[in-house]
């Protein structure tokens, strides 16, 4: 039985960076919900503004979590029995859908927590989002459930630690089974 390792965390928590690092350390393929959504935006000739990406994500979730999950897995070239790192899980329903879609393989969720002031600094630097404005984006339906994912995660890691420490912790945890 293979493991599909999902990553969640608030926007700016470092989940994409960490998921990429973990995928490389484990020599596993990586997929991302955000990558898929950006691909949809490109096919529709839309810019990759946060507003457009959130609207597309909302539409894809409304069409059905399992359909969205299958599309992301298909884009990654995933087959049952293959390990995979999948980034950008933002909804409780997506966790349930991933578990159903990949069955009998195992799904494990990692949540990356981060101090709010550090997150705001990252969002300001990376996305030019003014400090404090990130909370407004967090209220959108594509972000509103993210924090609740920490309560159902199989592992919660401190995103304030150096990336190498976080990666090492996750890799050891995966290897222990």
Exercise for the section: Answer yes or no: is there a residue in region 17-33 that is touching a strand residue (DSSP E or B) at 6+ places or on another chain (Cβ under 8 Å), assigned to a loop (DSSP other than H, G, I, E, B) and free of Cβ contacts under 8 Å to residues at least 60 places away in the same chain. Expected result: yes
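Quick grid of which residues meet (1) in contact with a strand residue (DSSP E or B) (Cβ under 9 Å, 6 or more places away or on another chain); (2) crowded, with 18+ Cβ neighbours inside 10 Å; (3) assigned to a loop (DSSP other than H, G, I, E, B):
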position: 8; (1), (2), (3): yes, yes, no
position: 13; (1), (2), (3): yes, yes, yes
position: 35; (1), (2), (3): yes, no, no
position: 72; (1), (2), (3): yes, yes, no
Practice task
State whether one or more residues within region 102-110 are surrounded by 18 or more Cβ atoms within 10 Å (Cβ to Cβ), touching a helix residue (DSSP H, G or I) at 6+ places or on another chain (Cβ under 8 Å) and either assigned to a helix (DSSP H, G or I) or at pLDDT below 95 (or both).
Solution key: yes
Exercise for the section: Identify the single condition in (1) surrounded by fewer than 19 Cβ atoms within 10 Å (Cβ to Cβ); (2) touching a helix residue (DSSP H, G or I) at 6+ places or on another chain (Cβ under 9 Å) that residue 30 does not satisfy, given that it satisfies every other one. Expected result: (1)
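The values are calculated or read from the model by the stated rules, or taken from the named source; none is laboratory data. Computed from a predicted structure; not experimentally measured. Reconstructed Cβ throughout: ideal geometry from the backbone, glycine too, with neighbour counts over all protein chains shown.
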